[in-house]
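Trainee: Take a look at this one; I'll ask things after.
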Amino acid sequence: MNLDVRGVIVHQDQDSVYTSYDWLRTLLVDHGTRVSYSENGARGNPWVESMWGRIKTEIGSLITEARDLRELEEIMRKHMDYYNNKRRHSSIDNQAPAQYLKEYLHREDVAAN
């Protein structure tokens, strides 16, 4: 598959693999993308790192077997819907994040009044 990515912003952490000359040359010169770095690297956002680790465990094979970008987008859309609206998380009272947020905002609203 040959995908035109000129002008696409690639956001990444500051791990040495993503700051190496070869990687940056490939992105910036060979493919014409733009680069954005996270402020603190991978350790600066443990929640997102944890989520991506779980995604790789739960649907990693579906991701690597996607035939094209559309199929990959559909896989990720379905999983993010599941992850946020259906999957229960033990760290938030065994609720889905959307439900937890709804209840949290309701509690905050009640406390403010």
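Values quoted throughout were computed directly from the atomic coordinates according to the rules given, and no laboratory measurement underlies them. Worth saying up front: this structure is predicted, and the values here are computed from it rather than measured. No Cβ is skipped: glycine too gets one built from the backbone with ideal geometry, and neighbour counts run over all protein chains shown.
Trainee: Could you work out how much longer the chain between residue 22 and residue 72 gets when fully extended? Use 0.36 nm per residue separation minus the Cα distance between them, nm to one decimal.
Mentor: Between residue 22 and residue 72, full extension yields 15.4 nm more.
Trainee: Need the full-extension length gain, residue 99 to residue 38, defined as separation in residues times 0.36 nm minus the C-alpha distance. One decimal, nm.
Mentor: 19.1 nm
Trainee: Taking Cα pairs under 8 Å and at least six residues apart, what relative contact order does the chain come out at, in percent?
Mentor: Once normalised by length, the contact order is 17 percent.
Trainee: Build a GNM of the chain with springs between Cα atoms under 10 Å: which of 37, 21, 83 gets the top mean-square fluctuation?
Mentor: Maximum among the listed residues: 21.
Trainee: GNM, the chain, Cα, under 10 Å: largest mean-square fluctuation among 75, 59, 92?
Mentor: Answer for the Gaussian network model of the chain: 92.
Trainee: Under 17 Å from the Cα of residue 102, which aspartates and glutamates turn up, not counting those fewer than eight places away in the same chain?
Mentor: 81, 93
Trainee: Leaving out same-chain residues fewer than 8 places away, which lysines sit with a Cα under 22 Å from that of residue 56?
Mentor: Reachable lysines: 78, 86.
Trainee: Kindly provide the helix-only [θ] at 222 nm of the chain, computed as the sum of -39,500 (n - 2.57) over DSSP H runs of four or more divided by all residues, to the nearest 500 deg cm²/dmol?
Mentor: -17000 deg cm²/dmol
Trainee: Using only alpha-carbon positions, what ratio does the radius of gyration of the chain give when scaled by 2.2 N^0.38 Å?
Mentor: Ratio of Rg to 2.2 N^0.38 Å for the chain: 1.38.
Trainee: Would you kindly state how much longer the chain becomes between residue 15 and residue 57 on full extension, computed as 0.36 nm times their sequence separation minus their alpha carbon distance, in nm to one decimal?
Mentor: Here the answer is 13.0 nm.
Trainee: Exposure proxy check: 104, 18 ranked by fewest other beta carbons within 10 Å?
Mentor: Ranking 104, 18 by Cβ neighbours within 10 Å, fewest first, gives 104, 18.
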